[in-house]
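Undergrad: First the structure, then my questions, so here it is.
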Amino acid sequence: MVISTEGLSFNFGNQQVVKSLSLQVPKGSIYGFLGPNGAGKTTTIKLLLNLLKTDQGSIHIFDKELQSNRVAILSEIGSLIEQPAIYLHLSGKENLMNRALLLRVSEQRVDEMLALVHLKDAAHKKAGKYSLGMKQRLGIALALLSDPQLLILDEPTNGLDPNGIIEVRELLIRLVTQHNKTVFISSHLLAEVERMATHVGIIDKGELLFQGSIKDLEAISQPQVQVELENTVDAANFLKKHGFNVIDISDNSLSIPYTSKTQMGEINTLLNKNGYMVYSIHKIHKDLEKLFLDITQNA
Amino acid sequence: MGFWSAVLLPLLICLLLFVGFFSHSEKLVSVPGIMLWLQFAGAILGVMGSLLLPMLIVFIAYSVNSIEHKADTWKSLFSLPIAKWSVYAAKYAYAFFLVLLCLMLFVLFTIGFGNLLSVLKPTLKFNEYHMESTLAQVYLKLFLSSLGILSIQFLLSLLFRDFLKPMGIGFTATIAGVILAGTDWKYAYLFPYSHPMLTVKSTLPHDIGKGSGIPELSVDLFTKDIFVSLGVAVVVFILGYFIVLKKSVK
Ligand SMILES: Nc1ncnc2c1ncn2[C@@H]1O[C@H](COP(=O)(O)OP(=O)(O)OP(=O)(O)O)[C@@H](O)[C@H]1O
Ligand SMILES: [Mg+2]
């Protein structure tokens, strides 16, 4: 395990923001750390970076205890927390050079990073004049600068355009598959990490509600019967009268939890016989986004 | 920002006095060299010691920390593989350096402009007397006396993001310090913000300007207020580190 916490808890005053978290992040994984606003993601990340002092529980990174091996551990971590920390009166390159000096990294590496995040042309522009997405790119370059084993990124695609999001995603996948790095990435959108994450942790109100591989997450997703027809509201009421539990209605379709093939046939017959023309009826797996909402709302 | 204020302030003040002396040179022809130097350096010291030095320190301490507050870079500084102690000490060292630089420039400019006056207005008796070493000692003492304030202001600026809190506290304390030192309150030496003023008072002869005889100049570097200042500086500096450790980055 690259990151492993046990019973990790943290309070701001008397508000408990992180509740007994036990994170397990395997080596070589892209771990999507998901949760709605205010769930405690950033706070957890600050705990992992030793920026906040752990109230209770333990944190081990690279199998070493964090508090007592702080410098050794941090030298293998690149991080980006919330808005990237950038000196606005310095240019993009100066920002990187400044950090390179502290980390004893060569100028060549700085130029590589600028090229990697497509900031070469803006390298000598004041970072204060960068757009939101450019600042974010610079933040990612800063995190990657020391070529760390573990990247901890707090909503890194915040403010990036679709192209930028895809680039970051591909970059992270490349880092993990080709360079054997580990990525811990937080987001409030499952869809955003769904395509790259190998593992997922879902947190809400400080509690870890789900943790496992992305396959485990798909496995617990409940299949549904989706019926396409007109007059969905009437049809839904009709089905409810006949004891079916309609869980979702839109303008042109409705969904019922799937139980068996016979159930699907019954629904079809019932609707057709009573004047509701069924355009299509099929079994679907709830998408992960809905699953995420379910998990975070039922808690 | 802090850097330029540390350079420009001495330049400006010395320049102002230079202009003042230059334009009133006829009245000063009869003044003996030692008194001339004392008036010139003393005027600069007087302004510095009472109000300007403490306020400059307030500003330097603020500007050194506000760079990180503004760019929100505390979190990234403290997540670098560098001991927290080093980050804290490096920041403090820079503020320390700026104050030192500023005071050294004061010595330099005072002497420089004094000599310039004697070249431009040979009638003035600036060349009759030399006070380089005395002046250096006075400013060294002033520097030592200001370290207590520096530590306190540094910590305040580190803790508070905004300018007003450290500024307000620093300003109020400075005024109080000037009053306490000015009224010769016997415990003024315990109050860091009084120290620069005490230093200035103790080194400048009281009868300056009255022209009565040749005043004796002596700098007693290690008086009890200097010890208090150094003590406060060290204690607050170390205390500050533990507060920073505990406070974490929020
Ligand atoms: N400095 C602070 N002082 C007091 N409470 C705080 C502080 N920072 C965060 N909190 C509280 O901690 C809780 C979790 O905040 P956190 O920033 O970790 O959420 P998050 O999951 O990162 O949310 P988002 O998706 O909006 O970034 C929130 O209820 C927030 O109000
Ligand atoms: Mg956050």
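The values are calculated or read from the model by the stated rules, or taken from the named source; none is laboratory data. All values reported here derive from a predicted model rather than from experimental measurement. Cβ atoms come from the backbone with ideal geometry, glycine included; neighbour counts cover every protein chain shown. When the accessible area is computed, the model is the full protein with side chains, heavy atoms only, and any ligands, DNA or RNA have been set aside. Shrake-Rupley method; radii C 1.70, N 1.55, O 1.52, S 1.80 Å.
Undergrad: With the requirement that a residue be within 16 Å of ligand 2 (Cβ to nearest atom), open to solvent by less than 70 Å² (accessible area, probe 1.4 Å) and among the polar types (S, T, N, Q), what does the range A:149-188 give you?
TA: A:Thr157, A:Ser186, A:Ser187, listed by residue number.
So that you can scan it fast, the table gives a plain yes or no per residue for (1) at pLDDT 90 or above; (2) under 25 Å from A:Glu155 (Cβ atoms); (3) within 11 Å of chain B (Cβ to nearest Cβ):
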{"position": "A:Leu88", "(1), (2), (3)": "yes, yes, yes"}
{"position": "A:Arg99", "(1), (2), (3)": "yes, yes, yes"}
{"position": "A:Ser106", "(1), (2), (3)": "yes, no, no"}
{"position": "A:Val110", "(1), (2), (3)": "yes, yes, no"}
{"position": "A:Met113", "(1), (2), (3)": "yes, yes, no"}
{"position": "A:Lys125", "(1), (2), (3)": "yes, yes, no"}
{"position": "A:Gly128", "(1), (2), (3)": "yes, yes, yes"}
{"position": "A:Gly133", "(1), (2), (3)": "no, yes, no"}
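Here's the yes/no breakdown for (1) in contact with a strand residue (DSSP E or B) (Cβ under 6 Å, 6 or more places away or on another chain); (2) open to solvent by 30 Å² or more (accessible area, probe 1.4 Å); (3) more than 14 Å from chain A (Cβ to nearest Cβ); (4) assigned to a helix (DSSP H, G or I):
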site: B:Ile44; (1), (2), (3), (4): no, no, yes, yes
site: B:Gly49; (1), (2), (3), (4): no, no, yes, yes
site: B:Leu52; (1), (2), (3), (4): no, yes, yes, yes
site: B:Val58; (1), (2), (3), (4): no, no, yes, yes
site: B:Leu103; (1), (2), (3), (4): no, no, yes, yes
site: B:Thr123; (1), (2), (3), (4): no, yes, yes, no
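Undergrad: Considering each of B:Lys91, B:Lys75 in turn, give the residue that is out of contact with any Lys or Arg (no Cβ under 9 Å at 6 or more places or on another chain) and either more than 14 Å from chain A (Cβ to nearest Cβ) or part of a helix (DSSP H, G or I) (or both).
TA: On the way: B:Lys75 fails: out of contact with any Lys or Arg (no Cβ under 9 Å at 6 or more places or on another chain).
Answer to the check: B:Lys91.
Undergrad: Next up: Return yes or no: is B:Ser86 part of a helix (DSSP H, G or I), within 14 Å of chain A (Cβ to nearest Cβ) and surrounded by 19 or more Cβ atoms within 10 Å (Cβ to Cβ)?
TA: No: the conditions fail for B:Ser86.
Undergrad: When you check A:Leu101 against the structure, is it assigned to a loop (DSSP other than H, G, I, E, B) and more than 16 Å from ligand 2 (Cβ to nearest atom), yes or no?
TA: Values: assigned to a loop (DSSP other than H, G, I, E, B): no; more than 16 Å from ligand 2 (Cβ to nearest atom): yes.
Answer is no for this residue.
Undergrad: Buried (at least 19 other Cβ atoms within 10 Å of the Cβ) and either under 30 Å from A:Gly35 (Cβ atoms) or not small (Gly, Ala, Ser) (or both): which single residue out of A:Leu209, A:Leu217, A:Leu270 fits that description? Let's see the steps before the verdict.
TA: On the way: A:Leu209 fails: buried (at least 19 other Cβ atoms within 10 Å of the Cβ); A:Leu270 fails: buried (at least 19 other Cβ atoms within 10 Å of the Cβ).
Of A:Leu209, A:Leu217, A:Leu270, the one residue that is buried (at least 19 other Cβ atoms within 10 Å of the Cβ) and either under 30 Å from A:Gly35 (Cβ atoms) or not small (Gly, Ala, Ser) (or both) is A:Leu217.
Undergrad: Residue check: is A:Gly201 in a loop (DSSP other than H, G, I, E, B) and within 16 Å of ligand 1 (Cβ to nearest atom)?
TA: Details: in a loop (DSSP other than H, G, I, E, B): no; within 16 Å of ligand 1 (Cβ to nearest atom): yes.
Answer is no for this residue.
Undergrad: Next question. Against the definition (more than 9 Å from every other protein chain (Cβ to nearest Cβ), β-branched (Val, Ile, Thr) and more than 13 Å from ligand 1 (Cβ to nearest atom)), how does A:Thr54 come out, yes or no? Please lay out each step first, then the result.
TA: Numbers: more than 9 Å from every other protein chain (Cβ to nearest Cβ): yes; β-branched (Val, Ile, Thr): yes; more than 13 Å from ligand 1 (Cβ to nearest atom): yes.
Yes, satisfied.
Undergrad: Give the number of residues within the range A:6-17 that are away from ligand 2 (no atom under 12 Å from the Cβ) and surrounded by 15 or more Cβ atoms within 10 Å (Cβ to Cβ).
TA: 4
Undergrad: With the structure loaded, tell me whether B:Ile34 is within 14 Å of another protein chain (Cβ to nearest Cβ), surrounded by fewer than 19 Cβ atoms within 10 Å (Cβ to Cβ) and not charged (D, E, K, R) or whether it fails that test. Can you show your working first?
TA: On the way: within 14 Å of another protein chain (Cβ to nearest Cβ): no; surrounded by fewer than 19 Cβ atoms within 10 Å (Cβ to Cβ): yes; not charged (D, E, K, R): yes.
When the stated conditions are applied, B:Ile34 does not pass them.
Undergrad: Inside the range B:60-77, can you point out the residues that are in contact with a helix residue (DSSP H, G or I) (Cβ under 6 Å, 6 or more places away or on another chain) and of a type outside the set (D, E, K, R)? Quick ask: steps written out before the conclusion?
TA: Going through the range B:60-77, the residues in contact with a helix residue (DSSP H, G or I) (Cβ under 6 Å, 6 or more places away or on another chain) turn out to be B:60-65, B:68, B:74, B:77.
Once the filter is applied, which keeps residues that are in contact with a helix residue (DSSP H, G or I) (Cβ under 6 Å, 6 or more places away or on another chain) and of a type outside the set (D, E, K, R), the range B:60-77 yields B:Ile60, B:Ala61, B:Tyr62, B:Ser63, B:Val64, B:Asn65, B:Trp74, B:Leu77.
Undergrad: Being in contact with a strand residue (DSSP E or B) (Cβ under 8 Å, 6 or more places away or on another chain) and within 16 Å of ligand 1 (Cβ to nearest atom) is the filter here, so list the residues in the range A:156-188 that pass it. Explain how you work it out, then say what you get.
TA: Taking the range A:156-188 first, the residues in contact with a strand residue (DSSP E or B) (Cβ under 8 Å, 6 or more places away or on another chain) are A:156-157, A:172-173, A:175-176, A:181-188.
Listed by number, the residues that qualify are A:Pro156, A:Thr157, A:Phe184, A:Ile185, A:Ser186, A:Ser187, A:His188.
Undergrad: Now for a different question. Is it the case that B:Tyr94 is over 30 Å from A:Leu66 (Cα atoms) and out of contact with any Ser or Thr (no Cβ under 9 Å at 6 or more places or on another chain)?
TA: Working: over 30 Å from A:Leu66 (Cα atoms): no; out of contact with any Ser or Thr (no Cβ under 9 Å at 6 or more places or on another chain): yes.
Criteria not met by B:Tyr94.
Conditions (1) over 23 Å from B:Asn65 (Cα atoms); (2) open to solvent by less than 10 Å² (accessible area, probe 1.4 Å), marked per residue:
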residue	(1), (2)
B:Glu132	yes, no
B:Gln137	yes, no
B:Leu150	no, yes
B:Lys165	no, no
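Undergrad: Can you say whether A:Val200 is closer than 30 Å to A:Glu76 by Cβ, away from chain B (no Cβ under 14 Å) and within 16 Å of ligand 2 (Cβ to nearest atom), as far as the supplied structure shows? Before you say what the answer is, go through the steps one by one.
TA: Values: closer than 30 Å to A:Glu76 by Cβ: yes; away from chain B (no Cβ under 14 Å): yes; within 16 Å of ligand 2 (Cβ to nearest atom): no.
In short, no.
Undergrad: Cβ contacts < 9 Å: first residue away from chain B (no Cβ under 12 Å) and in a helix (DSSP H, G or I), restricted to the range A:138-158; second residue within 15 Å of ligand 1 (Cβ to nearest atom) and open to solvent by less than 10 Å² (accessible area, probe 1.4 Å), any location; separation 6+ or different chain. Result?
TA: A:Ile140/A:Leu80; A:Ile140/A:Leu153; A:Ile140/A:Pro156
Undergrad: Looking at A:Asn37 and the list (1) within 13 Å of ligand 1 (Cβ to nearest atom); (2) within 29 Å of A:Arg99 (Cβ to Cβ), which single condition is not satisfied?
TA: Only one criterion in (1) within 13 Å of ligand 1 (Cβ to nearest atom); (2) within 29 Å of A:Arg99 (Cβ to Cβ) is unmet by A:Asn37, namely (2).
Undergrad: Next up: Would you say A:His89 is within 19 Å of B:Ser66 (Cα to Cα), touching a helix residue (DSSP H, G or I) at 6+ places or on another chain (Cβ under 9 Å) and not basic (Lys, Arg)?
TA: Numbers: within 19 Å of B:Ser66 (Cα to Cα): yes; touching a helix residue (DSSP H, G or I) at 6+ places or on another chain (Cβ under 9 Å): yes; not basic (Lys, Arg): yes.
So A:His89 fits the description; yes.
Undergrad: I've got another one for you. Going by the structure shown, is A:Ile165 away from chain B (no Cβ under 14 Å) and either within 22 Å of A:Leu189 (Cα to Cα) or charged (D, E, K, R) (or both)?
TA: Numbers: away from chain B (no Cβ under 14 Å): yes; either within 22 Å of A:Leu189 (Cα to Cα) or charged (D, E, K, R) (or both): yes.
Yes: the conditions hold for A:Ile165.
Undergrad: Can we say A:Gln67 is out of contact with any His (no Cβ under 7 Å at 6 or more places or on another chain), within 16 Å of ligand 1 (Cβ to nearest atom) and within 13 Å of chain B (Cβ to nearest Cβ)?
TA: Details: out of contact with any His (no Cβ under 7 Å at 6 or more places or on another chain): yes; within 16 Å of ligand 1 (Cβ to nearest atom): no; within 13 Å of chain B (Cβ to nearest Cβ): yes.
So A:Gln67 does not fit the description; no.
Undergrad: Output yes when any residue across the range A:164-179 is of a type in the set (Gly, Ala, Ser) and not in a helix (DSSP H, G or I), and no when none is. Write out each step before concluding.
TA: Looking only at the range A:164-179, we keep the residues that are of a type in the set (Gly, Ala, Ser), and these are A:164.
From the residues that got through so far, the ones that are not in a helix (DSSP H, G or I) too are none.
The answer is no, given that none of the residues of the range A:164-179 is of a type in the set (Gly, Ala, Ser) and not in a helix (DSSP H, G or I).
Undergrad: Hey, among the residues in the range A:142-155 that are more than 12 Å from ligand 1 (Cβ to nearest atom) and within 13 Å of the chain's Cα centre (by Cα), which one's nearest to A:Tyr87 (Cα to Cα)?
TA: Here is the first cut: in the range A:142-155, the residues more than 12 Å from ligand 1 (Cβ to nearest atom) are A:142-153.
Going one step further and asking which of them are within 13 Å of the chain's Cα centre (by Cα), we end up with A:152-153.
Working: A:Ile152: 21, A:Leu153: 19 Å.
Across the range A:142-155, the extreme among qualifying residues is A:Leu153.
Undergrad: If I ask for residues that are assigned to a loop (DSSP other than H, G, I, E, B) and more than 9 Å from ligand 1 (Cβ to nearest atom), which ones from the range A:1-17 would you list?
TA: Of everything in the range A:1-17, those that are assigned to a loop (DSSP other than H, G, I, E, B) and more than 9 Å from ligand 1 (Cβ to nearest atom) turn out to be A:Met1, A:Val2, A:Asn14.
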